[in-house]
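Asker: Okay, handing you the structure first.
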C-alpha cells in the first residue's frame, strides 16, 4: 500500500532525514562512544540507553526513506466550496449538541488531540467532498455511529506549518 502524501510532506520528511543524518547521528554516536568508555558494558546503563537512541534514530531514518520511496504524491485542490485537504471545518455534533473545529490533513501530519485529523480516519473520510450544511453519518465501527453537520468550511493551504508526527 502506498501512502498518499503531498509535496510538502515529502519536503518535511527529507528535512528530517537530513537533520537526523547530519546532526543527530553524530551526536548520538559521540554519546555512545563516551558511554562505551565508562567501562563494563554489561552493567552500563548509559551505554544501553545511548545504543537504543542511536538505533531509534536509524529506524526513523529508514522509515522516512521508505515512506518517500513508496509515496503516491497527491495534489491539494481547494478551489471549490467542498471540504478538502487542509481545510478547517466547523462541525456540530448532534449527539451532545456541541461544536468542534477540525483540520483535515494527511496521515503523516495528523494530530487528533490538537484537532488535526487524518483524511484516512472515519471522520476525515466522511468529511472530504462534503459541503456546508451537509448532515453526515460517521460510522466508527459496526456498533457505533454518530451524526455531524458541517457548519462552516475555511479553505486551507498545504504549507509547512503542520509538523509531521514522529510516532
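Asker: Which whole-percent values make up P(r) of the chain when all C-alpha to C-alpha distances are grouped in 10 Å steps starting at zero?
Answerer: That works out to 10, 30, 24, 17, 12, 6, 1, in percent per bin.
Asker: Let me check against my output: what whole-number percent is the relative contact order of region 1-155, with C-alpha pairs under 8 Å and at least 6 apart?
Answerer: 21 percent
Asker: What percent antiparallel are the DSSP beta bridges of the chain, to the nearest 5?
Answerer: Bridges in the chain are about 80 percent antiparallel.
Asker: Considering only region 88-154, what is the antiparallel percent among its DSSP beta bridges, to the nearest 5?
Answerer: Once the DSSP bridges in region 88-154 are tallied, antiparallel ones form about 85 percent.
Asker: Expressed in nm², what is the orientationally averaged projection area of the convex hull enclosing the Cα positions of region 88-154?
Answerer: In nm², the orientation-averaged hull projection of region 88-154 is 4.4.
Asker: Also, I was wondering about something else. Taking only the Cα atoms of region 4-73, how large is their convex hull per residue, in Å³?
Answerer: Dividing the Cα hull volume of region 4-73 by its residues yields 69 Å³.
Asker: With each pseudo-label sitting 7 Å past Cα toward Cβ, what's the residue 136-residue 45 distance in nm, one decimal?
Answerer: 4.9 nm
Asker: Only residues of region 1-39 count here: report those whose backbone N is under 12 Å from the spot 7 Å along Cα→Cβ of residue 128, or say none.
Answerer: Once the point is set 7 Å along Cα→Cβ of residue 128, 3-6 turn out to lie under 12 Å by backbone N, inside region 1-39.
Asker: When only C-alpha pairs under 8 Å and at least 6 residues apart count, what is the relative contact order of region 88-154, in percent?
Answerer: 34 percent
FYI, it's all coordinate maths here, none of it is from the lab. Small disclaimer: the values here were computed from a predicted structure and weren't measured. Every residue, glycine as well, gets a Cβ built from its backbone with ideal geometry; the counts of neighbours run over all protein chains shown.
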